[in-house]
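Right, one structure below, let's go through it.
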Amino acid sequence: MSKKTAFWIFLIGTLSSAALFLWATYDTQRQIAALSHVDKLSDEVVAGKRAFQKHNCNDCHTILGFGGYYAPDLTRVVQRVGEDGIRFRVQHPERAFANSWRKMPQQNLSDGEISDLIAFFTWVGNVNNNDWPPQDSRKRLSRGEQMMVASVGVSPGAAVFQTKGCMNCHSLHGTGGTFGPALDKIGASLSAEEIRKYVTDPKAVNPKAMMPPQKDNLTGRELEEVARFLSAQK
Amino acid sequence: MEYRSQKVAYWYFAAALPLFVLQIFLGLYLAFSYTFTVPQAVVDVFPFATARAMHTNLLVLWMLLGFMGGTYYIVPEETGSEIYSEKLAFLQLFALLAIGVTALAGFFLGWTKGRPLLEIPPPLNYFVVAGALLFLFNVGMTMVRASRWTATQGTLLGGLVFLALLYLFGIPFYRNEVVDWYYWWWVIHLWVEGAWELVTASIFAFVLMNLTGVDRQVVEKWLYVEIGLFLFTGIAGTGHHYYWIGAPRYWLWIGGIFSALEPLPIVLMLVDTMNHIKERKNPIVNRLTWTYAVGCAVMHFIGAGVWGFLHTLPQINYYTHGSQVTASHGHLAFFGAYALLNLMTFYYAMPRLKGIREYDDTRGKYGFWIMTSAMMLMGLTFGVAGVLQSYIERVLGLGFMTAQSYMRLWMGATFFLGLVFLSGVLTTVTDLLTIRPKARA
Ligand code: HEM
Ligand code: HEM
Ligand SMILES: [Fe+2]
């Protein structure tokens, strides 16, 4: 092979790859509107993106899998912890992660910024991205969720536990928050009645309790169900 | 050293080395935060996020200073002329250092664009662009005035212009997060798997040609084939970052196929280096410089070629994406391809710039072997942590922090290996800054 042939290899290789790449970029630009739901890309979502960048959340958390690997991916965070869950964690990280061995900084975000962030996460969570990340895939339920769903069939209390914010602070099967204790074995130490009492008004049982009272959060029936469900976790 | 103006290169290298040391201290803080609990009060003031921005920006800054110094060293010899303006070269060095220091102080105070790896905020970015233009102008004018074109020179200039152009895509604010990541990769991927490879390939060709005395026509012929393959596989290979961002599904095919071919030019570079060394016409003086050349070719192949290939197919990347597997690859690849390349250039040029023909390489050898073995092991410990994470968090679907608790041991090992790595870096940097002639026996 001569140097001249080598030069042509270089030129043709580069140009063909660049041509394919630029064509695909053009086509991607055309399709992104639909794939990312640009019609829902409101000013609030954009403000949320600005807040996300302003506080450099992305150098601890990945989103769509890019960024720092130090903290949970936020692509589907709304689906995972809910809007209130996000609000609580961002407002009071020093409380939400008090018992975790890894901390998130208190960055004193305003309520407005947090609402914008939630709008942003909600929008990102609906991007059609080939069902990544696997742990939040609705098609492929995680092991933790499978156990939860299996028990929802037995007891609607599991559903209460999942949807009424208990998981912001408590975990089951390794999924959930760390502000409160993991409740996998709670049935071994507390009866359904004791749990019901505790959840209604923690301070009445333990004056030093940090758990907020749940009597306004839950209906009487939900309280019964969640207490029965937890007392079965042994 | 044949030309007076090559001397500026020395100052670029001398500025790059302390920044390399600083980068490692921040890396240690990151690994420490993975292993031990940093108290809330410290996290509030100096969070992981800030340290990560500093770690990665310092990395890019010292490597770019190294490339620029390398360019100022090579261009006079390749063109057979002095640099267009030495003053401009110094001005540009001070400007870049000032921008760098401002950026780091800014990160600490919360002044950031908040995009990973591209945290430098817009007003400062205009200065970065001005600095880059000064540099390209100075180098371009030198080449145009001398008008003695070679493939090595052309590749170098082409790579540098490409590098500067790509940076522009990282500057705007994009409203759409998907579009934002799409163009973020035009900077990150097309840099490390495109423009930087061109710069590296030409610097490497220059050093090999001069070390081994192998004929320019042979070296440059292979240079064309290498950069052709780099760009053929690397440009469309950008698609391996578009699998999960909300881009069309055909990127799984384009990205998967082209990026799976990306190791080819790297293998070629390795084979090529070995051949040139075997067919050398010059005796081996300054063995350490040769060790760096071979070490760079081998580690480039392992870190970028092998480690990159391992997680580039969509079926695997679905589980490893954005995990410590990525960090493992990022470290091995950056170290192998670009840290060792820069250090090789420093070991080639710095003694010559001081008029030392044969340097004493006893300390330097320790430096090389400590750094390289520690980094290889760190690649493995990051890697084990990453595989655990992919399995526990992504396959089993257990919580993020549950997975982290299993990874903790391995991140701790990374931290301790990082201390070893630091000792290697300190040895190397001291050696380079105080390099002395070999004592005649
Ligand atoms: C003592 C040595 C080092 C330690 C302990 C260390 C540790 C770390 C850690 C913990 C991260 C954060 C990863 C994350 O987001 O979770 C990181 C990021 C990074 N470091 Fe280092 N590092 C060291 C040296 C280096 C060197 C020598 C290089 C390059 C030659 C390097 C290049 C990078 C890069 C490119 C990233 C970003 C990775 C990514 O986005 O995937 N580091 N480092
Ligand atoms: C010297 C060349 C290279 C360097 C310096 C390098 C560096 C990096 C870095 C720093 C990242 C992480 C970026 C981030 O998300 O923050 C990354 C990601 C990646 N690299 Fe490389 N790389 C190189 C070559 C390659 C090659 C040749 C391949 C494939 C054969 C490859 C495959 C990948 C893949 C698949 C990812 C995405 C990982 C993920 O999904 O999280 N890289 N690379
Ligand atoms: Fe890439």
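The values are calculated or read from the model by the stated rules, or taken from the named source; none is laboratory data. Keep in mind it's a predicted model, so treat the numbers as computed, not measured. So basically every Cβ, Gly included, is an ideal-geometry build from the backbone, and we count neighbours across all protein chains shown. Keep in mind that these areas ignore ligands, DNA and RNA; they rest on the heavy atoms of the full protein, side chains included. Shrake-Rupley method; radii C 1.70, N 1.55, O 1.52, S 1.80 Å.
Holding the Cα-Cα limit at 25 Å, pick out from A:Lys3/B:Lys354; B:Lys221/B:Lys365; A:Lys103/A:Lys208 the pairs that are longer than that.
A:Lys3/B:Lys354; B:Lys221/B:Lys365
Express the Stokes-Einstein translational diffusion coefficient of the stretch A:38-130 in µm² s⁻¹, to the nearest whole number, given a Kirkwood radius over alpha-carbon pairs, 10 °C and a viscosity of 1.306 mPa s. Could the numbers behind the result be given before it?
Numbers: Rh = 13.4 Å.
For the chosen part, D equals 118 µm²/s.
Considering only protein heavy atoms and a 1.4 Å probe, what is the carbon-and-sulfur percentage of the accessible area of the stretch A:38-130?
Working: 1700 of 3450 Å².
Solvent-exposed carbon and sulfur of the stretch A:38-130 make up 49 percent of the total.
Across the Cα atoms of the protein assembly as shown, what radius of gyration and what greatest pairwise Cα-Cα distance (Dmax) are found, in Å?
According to the Cα coordinates of the protein assembly as shown, Rg and Dmax are 27.4, 92 Å.
Within the accessible area of the stretch B:200-301, what % is carbon and sulfur when the probe is 1.4 Å and the other protein chains stay in place?
Of all accessible area on the stretch B:200-301, carbon and sulfur atoms account for 66 percent.
Can you compute 3J(HN,Hα) from phi for each residue in the stretch B:106-119, using the Karplus curve 6.51 cos²θ - 1.76 cosθ + 1.60 with θ = phi - 60°, rounded to whole Hz and x for Gly and Pro?
With coefficients 6.51, -1.76 and 1.60, one gets x, 4, 4, 8, x, 8, 8, 7, x, 9, x, 6, 10, 7 Hz.
Among B:Pro122, B:Leu93, B:Ser33, pick out the residue whose Cα is farthest towards the positive end of the charge dipole of chain B, where Lys and Arg carry +1 and Asp and Glu carry -1 on C-beta, about the Cα centre.
Working it through, the farthest residue towards the positive pole turns out to be B:Leu93.
Sorted by mean Cβ packing within 10 Å, highest first, what order do the peptides B:432-438, B:378-384, B:277-283, B:180-186 take?
In decreasing order of mean packing, B:432-438, B:378-384, B:277-283, B:180-186 become B:378-384, B:180-186, B:432-438, B:277-283.
Can you tell which of B:Ala374, B:Ala95, B:Ala260 shows the greatest fluctuation in a Gaussian network model of chain B with Cα springs below 10 Å?
Taking springs between Cα atoms under 10 Å, the residue moving most is B:Ala95.
Two-decimal Rg/Rh of chain B from alpha-carbon positions, Kirkwood Rh? Please report the intermediate quantities before stating the final value.
Working: Rg = 21.4 Å, Rh = 22.5 Å.
Radius of gyration relative to Kirkwood radius: 0.95.
Go ahead and set up a Gaussian network model of chain B, Cα springs under 10 Å, then flag whichever of B:Pro116, B:Pro172, B:Pro314 fluctuates most.
B:Pro172
Tell me, what is the percent relative contact order of chain B, built from C-alpha pairs under 8 Å that lie six or more residues apart?
Values: 601 pairs, mean separation 69.2, N = 441.
Normalised by residue count, the contact order of chain B is 16 percent.
Quick check on packing: order B:151-164, B:316-329 by the mean number of other C-beta atoms within 10 Å, highest mean leading.
So the order, starting with the most tightly packed, is B:316-329, B:151-164.
How far, in degrees from 0 to 90, does helix B:48-79 lean away from the longest principal axis of the Cα atoms of chain B, to the nearest 10?
20 degrees
In sequence order, what are the phi-derived ³J(HN,Hα) couplings for the stretch B:306-323 according to the Karplus relation 6.51 cos²θ - 1.76 cosθ + 1.60 with θ = phi - 60°, rounded to whole Hz, with x for glycine and proline?
Listing the rounded values in order: 6, 5, x, 4, 3, 10, 8, 7, x, 4, 8, 4, 3, 8, 9, 3, x, 10 Hz.
Under the definition of partner shielding as Cβ atoms of other protein chains within 10 Å of a residue Cβ, what is the mean value for peptide B:246-256?
5
Compute the acute angle (0 to 90°) between the alpha-carbon long axis of helix B:196-212 and the principal axis of greatest extent of the alpha-carbon atoms of chain B; round to the nearest 10°.
Taking Cα atoms only, the helix is inclined about 40 degrees.
Per-residue accessible area for A:Asp216 at 1.4 Å probe radius, Å² rounded to 10?
Here the accessible area works out near 150 Å².
What whole number of Å gives the distance from the Cα centroid of the stretch B:237-293 to the Cα centroid of the stretch B:340-404?
One Cα centre to the other: 17 Å.
At a probe of 1.4 Å, how much accessible area disappears from chains A and B on forming the pair, both sides counted, to the nearest 100 Å²? Mind showing how you got there, number by number?
Numbers: alone 14900 and 18970 Å², together 26860 Å².
Chains A and B together bury approximately 7000 Å².
Give me the 1.4 Å probe accessible area per residue for chain B, excluding ligands and nucleic acids, in Å².
35 Å²
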